[in-house]
Amino acid sequence: LGWTPRPDETQLDAQLRGLLVQMNALTGADPAIAERCRELFALVLDAPERIDADLAAAVTVVAAATGDDDTYETFLERFRRATTPQETLRFLYGLAEFDDPERIQRTVELAFSPEVKTQNAPFLIGRCIAARNHGRAAWRILRSRWAEADSRFPGSSIVRMVDTVKHLDRAEDLVDVQAFFAEHPIPQG
């Protein structure tokens with residue numbers, strides 16, 4: 001498929017390109033593809049109209065997942081000064097992709113702040129719980145702030161937020177999650 005869309009390609013080809021780029025960079029740990037994604041991320045920041053939307057989404061995820069503190073600050077700043085809903089969500093949800101426990105914790109704390117709309121916060125927390133390596137840390141924070149989450153966030157989004165606990169993959173996670181929801185049932189699901 002290459003890096004550049006062909007004029008005659010289908011939407012499925014464009015989506016597949018983005019998926020393959022992201023999978024090869026992250027799951028496949030291909031350093032050359034990850035580096036190319038970080039280069040293309042500059043277009044996402046400076047000239048988003050010059051990059052295919054599906055590829056832009058993929059390189060944004062890779063840039064975050066392989067990013068450092070400066071990259072995190074870039075995402076945070078772009079979220080804060082976004083001018084469209086798409087840009088707001090791209091950079092907000094990108095904060096959940098960083099592969100660092102402190103950044104995941106910071107992102108979950110951000111979700112509880114007034115800076116994040118209550119309709120977006122549960123989805124951000126859910127993405128943090130689904131994080132490849134540090135979802136457990138996000139789950140612990142949510143558990144400790146459950147009463148606040150349950151009272152602040154729309155009921156319909158609570159189910160979606162906690163659905164991501166299925167990504168926690170240790171036996172003790174199963175016991176913990178089951179015990180938690182035995183004590184804190186969710187009426188919506």
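Inside the stretch 160-189, can you point out the residues that are open to solvent by 30 Å² or more (accessible area, probe 1.4 Å), closer than 15 Å to CYS128 by Cα and in a helix (DSSP H, G or I)?
The initial filter retains those residues of the stretch 160-189 that are open to solvent by 30 Å² or more (accessible area, probe 1.4 Å), namely 160, 163, 166-167, 169-172, 174-176, 178-179, 181-185, 187-189.
Narrowing the set further to residues that are closer than 15 Å to CYS128 by Cα leaves 160, 163, 166-167, 169.
Listed by number, the residues that qualify are ARG160, ASP163, LYS166, HIS167.
The helices (runs of 4 or more DSSP H) falling completely within the stretch 1-106 that include 1 or more residues that are touching a Cys at 6+ places or on another chain (Cβ under 8 Å) map to 11-26, 53-65.
Anything in the stretch 1-35 that is basic (Lys, Arg) and open to solvent by 90 Å² or more (accessible area, probe 1.4 Å)? List them, or say none. Selection gives ARG6 alone.
Each row is one residue, and each column tells you yes or no for (1) within 14 Å of the chain's Cα centre (by Cα); (2) at pLDDT below 95; (3) not basic (Lys, Arg).
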residue	(1), (2), (3)
ASP69	no, no, yes
GLU77	no, no, yes
PRO85	no, yes, yes
GLY94	yes, no, yes
ASP99	yes, yes, yes
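Looking at ARG106, ARG127, ARG145, just one residue is at pLDDT 95 or above and more than 16 Å from the chain's Cα centre (by Cα), and that residue is ARG145. Hey, any hits in the stretch 86-99 for a residue that's small (Gly, Ala, Ser), out of contact with any Ser or Thr (no Cβ under 8 Å at 6 or more places or on another chain) and surrounded by 14 or more Cβ atoms within 10 Å (Cβ to Cβ)? No, every residue in the stretch 86-99 fails to be small (Gly, Ala, Ser), out of contact with any Ser or Thr (no Cβ under 8 Å at 6 or more places or on another chain) and surrounded by 14 or more Cβ atoms within 10 Å (Cβ to Cβ).
When VAL44, VAL116, VAL62 are checked against the criterion of being under 30 Å from THR10 (Cα atoms) and either modelled with pLDDT of 95 or more or small (Gly, Ala, Ser) (or both), a single residue qualifies: VAL62.
Among the residues of the stretch 137-153, those identified as of a type outside the set (Ser, Thr, Tyr) and open to solvent by 50 Å² or more (accessible area, probe 1.4 Å) are ARG140, ARG143, ARG145, ALA147, GLU148, ASP150, ARG152. The selection criterion, being within 26 Å of MET161 (Cα to Cα), part of a helix (DSSP H, G or I) and open to solvent by 60 Å² or more (accessible area, probe 1.4 Å), does not hold for GLU115.
The values are calculated or read from the model by the stated rules, or taken from the named source; none is laboratory data. Here the structure is a predicted model, which means the values were calculated and not measured. Note: ideal-geometry Cβ built from the backbone for every residue, glycine included; neighbour counts use all protein chains shown. To get the accessible areas, we keep the full protein, side chains included, count just its heavy atoms, and leave off ligands, DNA and RNA. Shrake-Rupley method; radii C 1.70, N 1.55, O 1.52, S 1.80 Å.
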